[in-house]
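Taking it in order: structure first as structure tokens, then the write-up.
Just so you know, all these numbers are worked out from the coordinates, no wet-lab data involved. Since the structure is predicted, the reported quantities are computational estimates derived from the model, not experimental observations. With ideal geometry, Cβ positions are generated from the backbone for all residues, glycine too; neighbour counts draw on all protein chains shown.
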Amino acid sequence: MIIKLKVKSEKLKAQCGFTLIEILIVMVIIGLMAVISLFALRGARESGRDAKRKGDLEAIRSALELYKADCNRYPASLPWGSPLNGDGTNCPNTNRYIEVVPNDTMTGRNYSYTPSGSPPRSFTLCSSLETGTGSVSGCGSCGATCNYKVTNP
């Protein structure tokens, strides 16, 4: 009878599941995979934000060209976060060239608009890309090193 009880307890012990060591090893492996994934995704996020910055500058550039076509000059400044309308003197202020002039959503970074001439006949738009290096000349303040520039054609 003692032998039968010993055999039953060994069978139960073999069927009980995972040991603490096995669970810890699996948790460490999952943790390492998560850390590796986060580092891999960081570069993709930076590239995505940079692509948005480039797209924003192109949208602003297009709106500025429409503004110039109507007003025969570029605006003296841009209303960041507001619509770009005509100035009311050279062209009707009912004309809306862009619904909202976008700005960089990252804290501490800005887009820079620098008109040239009087009245403005050319402009420079600049941004600070996260994945770019170096700097470009002729830009205002981007909040960081300006390393991407768009000018009028």
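Quick notes on this one:
- Computed from label points 7 Å out along Cα-Cβ, the spacing between Arg42 and Thr19 is 3.7 nm.
- When you restrict to C-alpha pairs under 8 Å that are six or more residues apart and normalise by the size of the range 24-151, the relative contact order lands at 20 percent.
- On Cα atoms only, tilt of 2-14 relative to the major axis of the chain in degrees: 10
- Overall, the chain carries a charge dipole of about 880 debye about its Cα centre when +1 sits on the Cβ of Lys and Arg and -1 on the Cβ of Asp and Glu, all other atoms neutral.
- Inter-site label distance for Ser122 and Arg49 at 7 Å from Cα along Cβ, in nm: 3.2
- Shown for the chain: lysine pairs separated by 8 or more places, or found on different chains, whose C-alpha atoms are under 23 Å apart, numbering 5.
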